[in-house]
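Here's the structure, in C-alpha cells; my notes come after.
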Amino acid sequence: MVRFAASQARGNGEGVGPFAVRHVMIGDARVNYVQILAAPIPVAPAWCFLGDRLVVALSPQMVRSHLQRPADAKTLADDERVAALLSSGDVTSLSYNDPRGVAKLLYSYLQFGATMGASALEKEIGLRADLSKLPSYSAIAPHIRPSIGVTRRLSNGWSLESHGIMPSVS
C-alpha cells in the first residue's frame, strides 16, 4: 500500500507530486505518513503497525506521542465517567474534550477584554462597571469539566449522548 501511494505521489514526472509518502523510525516502529504538498494542509495522516495493532493519527507527532507513552500510563477508559459510559458495551464511538487548558488561556484574555469593555461602556453611555466583580480563574476552574460524547447503535437507529457543562453535538 505504501509503495503504491508513493508511486502515485511522484506526480506527472515533472518533479513534485501533490503529496509525498514518507516514513520515520520512532524507536523500533516505522511510522508512515502522507504530507500534502499541493496546498498548505494542517494534517499529515500517519500510521504504524505496533504488534497486532494499527495506530492511526492526524500527524506523525501524534503517533510519536502514542509510541512514547509509558506502558503504565492511564487511558481514557480509566476515567470513571468514561468507564461508566463504556460499561454497556454498545458504544460505537467516543469523543472526549478537556477544555481546561484552553479555558485558562482564554480567561487571561477575557480579563483584558473586560477592562477594555468597561472603559468603553463608561465612556460611551456612562455605565460604570466594577471590574473587581469578575471572578478569578481559580473560582471558575472547578466548574470546568471534560465533555464526553458517545454514539450507540440501537435496533431502530442511533443514539447520540453528550455529557458536559456546555450543550454540544458529539
inquiry  = About the Cα centre, and with charges only on the beta carbon of Lys, Arg (+1) and Asp, Glu (-1), how big is the dipole of the chain? Nearest 20 debye, please.
reply    = 260
task = Tell me the trypsin sites (Lys or Arg not before Pro) within the range 116-170 that lie in a loop according to DSSP and have at most 12 other beta-carbon atoms within 10 Å.
result = Arg128
task = Using +1 at the Cβ of each Lys and Arg and -1 at the Cβ of each Asp and Glu in the range 33-125, identify which of His66, Ser95, Gly117 lies farthest towards the dipole's positive end.
result = His66
query = Name the trypsin sites (Lys or Arg not before Pro) in the range 53-103 that are in a loop by DSSP and that have at most 11 other C-beta atoms within 10 Å, would you?
reply = Lys74
ask   = In degrees between 0 and 90, to the nearest 10, how far off the longest principal axis of the chain does helix 100-125 point, with axes built from Cα atoms?
value = 40
query = What is the calculated FRET efficiency for Val56 to Ser159, with r their C-beta to C-beta distance and R₀ = 35 Å, to the nearest 0.05?
reply = 0.85
ask   = Taking one equal scatterer on every alpha-carbon of the chain, how large is log10 of I(q)/I(0) by Debye at q = 0.10 1/Å?
value = -0.70
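Each reported figure results from applying straightforward, stated rules to the coordinates on display, with no laboratory input. All figures in this text were calculated on a predicted structure; none of them were measured in a lab. Virtual Cβ from ideal backbone geometry, glycine too; neighbours counted across all protein chains shown.
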